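Bear in mind that the values in this text are calculations on the coordinates, not laboratory data. These numbers come from a predicted model, not from an experiment. So basically every Cβ, Gly included, is an ideal-geometry build from the backbone, and we count neighbours across all protein chains shown.
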Amino acid sequence: MNQRRSFFIITCLAFGFAFLYIPILSMVVFSFNASKLVTVWDAANSPTLKWYYSLLHNEEILDAAWISFKVAVINATGAVILGTLAGFGLARFTQFRGRFTLNAMTTAPLVMPEVITGLSLLLLFVALEQTIGWPAGRGVTTMTIGHMTFSMAYVTVVVQSRLASFDTALEEAAMDLGARPLKVFFVITLPIIFPAILSGWLLAFTLSWDDLVISSFTSGPGSSTLPMVVFSKVRLGVSPEINVLATLTVAVVTLMIVAVSFWMARASRLEKAADLAAPDSG
């Protein structure tokens, strides 16, 4: 009975992973295809790197990628700062006036349709421009603010969840020894919750890099992001350069995940080693 159950679980996992990753692998393979038709393999001239060379000289895609990267970095950094503060306040100060409102406002973007969020931000920016003259049109600034409104909610949830299982006895011991609350936060609390903050930063970066709907509402002339350019090109037919772009994106994301995983595993090993060495040093 157990063998049948194990075989069934392994079969389900195999079909699940195949459903997810075979299309990605086929896209990677066809990025080396010499033919302009993305679904027809040119066996005579393939594999080739000509589409990689063509992509590196496509100024439209390169400019859009730079805008997406700039917006994603600024958004992730701002979302981490605001989300960490909000998560810390919600996790530590459980009794204060307006806590329910703050919790509702920080989690609302998680369930709010992006179309509603993008439209409301567009109307807000137009009203502000007519009232105080800022922002002067739509562009990178408005896109960054728009991305930060929903990215901050994800960071808040991640940080709040980490603080919920945090051992406050460490902070209390540090304050008993004379450390001020601000020093306790930077020396004790921040290093312990840093993996959650890093996860929130990566999540906010990915959400911003991948966003299309809110970017379409809050962008202006000359500020098209990479998803917007790709979407406009796909509507006219998928070109081999899109396969190359997607392949490079998958490669970068994979390297980032591997690097963060190794770093977190190393930090965990060092923490365990320090815990084992603590009784011996005492």
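Using the Cα atoms of the range 106-149 to build a convex hull, what is its mean projected area in square nanometres?
If I average the Cα hull's projected area over directions, I get 3.1 nm².
Kindly express, to the nearest 10 degrees and within the range 0 to 90, the angle between helix 240-281's C-alpha long axis and the longest C-alpha principal axis of the chain.
20 degrees
Among 27, 127, 65, whose Cα sits farthest toward the positive end of the charge dipole of the chain (+1 at Cβ of Lys/Arg, -1 at Cβ of Asp/Glu, about the Cα centre)?
The residue sitting most towards the positive pole is 27.
Could you pull the Rg and Dmax for the chain, using just the Cα atoms, both in Å?
23.8, 75
How far, in degrees from 0 to 90, does helix 114-132 lean away from the longest principal axis of the Cα atoms of the chain, to the nearest 10?
Between helix and principal axis, roughly 80 degrees.
Among the trypsin sites (Lys or Arg not before Pro) within the range 63-103, which fall in a DSSP loop and have no more than 10 other Cβ atoms within 10 Å of their own Cβ?
Hits after loop and neighbour filter: 97.
Assuming 0.36 nm per residue, please report the length gained on full extension of the stretch residue 132 to residue 272 beyond their Cα-Cα distance.
44.8 nm
Using the Cβ atoms and a cut-off under 14 Å, what net charge is assigned to the surroundings of residue 31, where Lys and Arg are +1 and Asp and Glu are -1?
Taking every other residue near residue 31 into account, the sum is 0.
Between beta-carbons, use under 12 Å as the cut-off and find the net charge around residue 144, counting Lys and Arg +1, Asp and Glu -1.
+1
Arranged by the count of other C-beta atoms within 10 angstrom, fewest first, what order do 143, 148, 105 take?
Ordered from fewest to most neighbouring Cβ atoms within 10 Å, 143, 148, 105 come out as 105, 148, 143.
How far apart, in nm, are two points set 7 Å out from the Cα along the Cα-to-Cβ line at residue 15 and at residue 102?
Modelled inter-label distance: 4.8 nm.
Rounded to two decimals, what is Rg over Rh for the range 195-264 when you use alpha-carbon atoms and the Kirkwood radius?
Checking Rg against Rh, the ratio lands at 1.05.
At 7 Å along Cα-to-Cβ for each site, give me the label-to-label distance between residue 183 and residue 57 in nm.
Modelled inter-label distance: 6.1 nm.
Whole Å is fine, so just give me how far the alpha carbon centre of the range 50-67 lies from that of the range 124-195.
34 Å
Evaluate the charge dipole of the range 60-266 about its Cα centre and quote only its size in Debye, nearest 20, assuming +1 on the Cβ of each Lys and Arg and -1 on the Cβ of each Asp and Glu.
It works out to roughly 260 debye.
List, in the order given, every pair from 70/233; 36/233; 36/70 whose Cα-Cα distance in the structure shown is over 25 Å.
Pairs exceeding 25 Å: 36/70.
Of 89, 222, 98, which is the most mobile in a GNM of the chain whose springs link Cα atoms less than 10 angstrom apart?
98
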